[in-house]
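Report on the structure given below.
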Amino acid sequence: MKVLVTGGLGFIGSHTVVELQKEGYQVVIIDNLSNSSLEVLQGIVSITGIMPVFEKLDLKDKAKVQEFFKQHQDIHGVIHFAASKAVGESVQNPLMYYENNINTLVYVLQELEKLPTANFIFSSSCTVYGQAKAMPITENAPIQFAESPYGNTKQIGEEIIQDTCKVNSNIQAISLRYFNPIGAHESTKIGELPIGVPQNLIPYIMQTGAGIREQLSVYGDDYPTTDGTCIRDYIHVVDVAKAHVIALKRLLENKNTSNNETFNLGTGTGSSVLEVIQAFEKVANNKLNYKIVNRRPGDVISAYADTSKANEVLGWKAQYSLEEAVLSAWKWQNSLNSL
Ligand code: WQD
């Protein structure tokens, strides 16, 4: 079965391609290489021994998207990762985010509309919840005002899918709301490749531990939490990847109960920034150099998932602990240092 993975050379996309190939799917990757590199393709092949079909293509080019689907009429499923995802960057450059994250989604869906049947998995985010009132967060938690244009593009994306599925019963969709994906494949052949100064906590910790960065800044320890730092649900990227294969299978086997389902992807456990630092120091046996600084605008205090729906309906549960995920990120960082 041929599956299209847009953004398939990205962090979560590449790990999902590996899991798809392990399950015997034939994978076609579209990526514009704006936030990834062809080395990731080699990394995938070195793990699975299977070269995916790769097309360098920018999904913002509507004519190119139409041409692609003309050439690939036999696609059984689409997993749509392609999007920009840096919260801070989206505040600085909102129109780039609306164009890149919304137009591309519309152009792909317009092609799926033409097919007799289409199975579509959307990369969504816990950022759609904003600061949820109750923890852990369930899929029924109200969607709140997006703290950033990035989060807004995910909210708008889910609304576009909802409206499209209402009038296109041929499109079967599942949106997966990721909490904080971290870590890397055990082979250390693929992992997170932040470009420039890392925006996210884990890559910044890894680069500080490796001496690439001088010191981690912890954005605030005056929050109403156990130790004053923000709480997140850090989930191993391989657990996230496996959930995509399970969700796709659910659609391919017509087990979905509506043509637009939504699932949280988290571990169900919240960890503070200081707890993540402690986990790193323990698994890496490395004292991290950090300082407490002011809060980062836009941060929510706490976000961790109620995972019961994915556990019960998808039959999926995160397998890796925080320490295992942090260790996998550290091993990946060390493999990068040895290049
Ligand atoms: C985590 C915590 C920071 C950096 C991410 C993705 C977003 C979405 C949700 C998928 C916060 C603190 C961070 C640093 C710090 N994922 N921090 N020093 O903001 O939860 O969002 O997950 O859609 O796309 O960006 O993740 O790693 O940036 O921050 O203290 O140098 O770490 O304040 O409390 P965030 P993050």
The whole-number value in µm²/s of the Stokes-Einstein translational diffusion coefficient for the chain, with Rh from the Kirkwood sum over alpha carbon pairs at 37 °C and 0.692 mPa s, is 162
Per residue, accessible area of the stretch 193-314 with a 1.4 Å probe, heavy atoms of protein chains only, in Å², comes to 44
For the stretch 1-114, dividing by residue count, accessible area per residue (probe 1.4 Å) in Å² works out to 44
With the charge dipole of the stretch 1-94 built from beta-carbon charges (+1 for Lys and Arg, -1 for Asp and Glu) about the Cα centre, the Cα from HIS76, THR16, ALA63 projecting farthest to the positive end belongs to ALA63
The chain: relative contact order from alpha carbon pairs under 8 Å, six or more residues apart, as a whole percent, is 19
Highest GNM mean-square fluctuation among THR153, THR257, THR229, for the chain with Cα springs under 10 Å, belongs to THR257
Share of Cα-Cα pairs in the stretch 43-104 beyond 17 Å, whole percent, is 56
For ASN260, the residues 5 or more places away or on another chain with a placed amide H closer than 5 Å to its own amide H are ALA173
Per the helix-only model, the chain has a calculated mean residue ellipticity at 222 nm (DSSP H runs of ≥4, -39500 (n - 2.57) each, divided over all residues, rounded to the nearest 500) of -11500 deg cm²/dmol
For the stretch 49-55, Karplus-derived ³J(HN,Hα) couplings (6.51, -1.76, 1.60; θ = phi - 60°; whole Hz; x for glycine and proline) come out as x, 10, 8, x, 6, 10, 10
For HIS76, HIS236, the accessible-area ranking with a 1.4 Å probe, largest leading, is HIS76, HIS236
per DSSP, antiparallel bridges as share of beta bridges in the stretch 171-293, % nearest 5, sits at 15
Percent antiparallel among DSSP beta bridges confined to the chain, rounded to 5, stands at 5
In whole angstrom, the spacing between the Cα centers of the stretch 200-226 and the stretch 96-110 equals 32
The stretch 246-281 and the stretch 128-164 have their Cα centres apart by a whole-number Å value of 15
Scattering profile of the stretch 208-278 from the Debye formula, Cα beads only, expressed as log10 I(q)/I(0) at q = 0.13, 0.19, 0.28 Å⁻¹, is -0.61, -0.87, -1.21
Residue by residue through the stretch 96-101, the couplings from Karplus 6.51 cos²θ - 1.76 cosθ + 1.60 with θ = phi - 60°, in Hz, x for Gly and Pro, are 5, 5, 5, 5, 6, 8
Whole-percent carbon and sulfur contribution to the accessible surface of the chain (1.4 Å, no ligands, DNA or RNA) stands at 50
Computed from the beta carbon distance with a Förster radius of 30 Å, FRET efficiency for GLU323 and GLU23 to the nearest 0.05 stands at 0.65
Distance in Å, no decimals, from the C-alpha centre of the stretch 1-42 to the one of the stretch 60-82 is 14
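The values are calculated or read from the model by the stated rules, or taken from the named source; none is laboratory data. Quick caveat, the model's predicted, so the values are computed rather than measured. Here the Cβ is made from the backbone with ideal geometry for all residues, glycine too, and neighbour counts use every protein chain on show. For the accessible areas, the whole protein counts, side chains as well, though only heavy atoms, and no ligand, DNA or RNA atoms are used. Shrake-Rupley method; radii C 1.70, N 1.55, O 1.52, S 1.80 Å.
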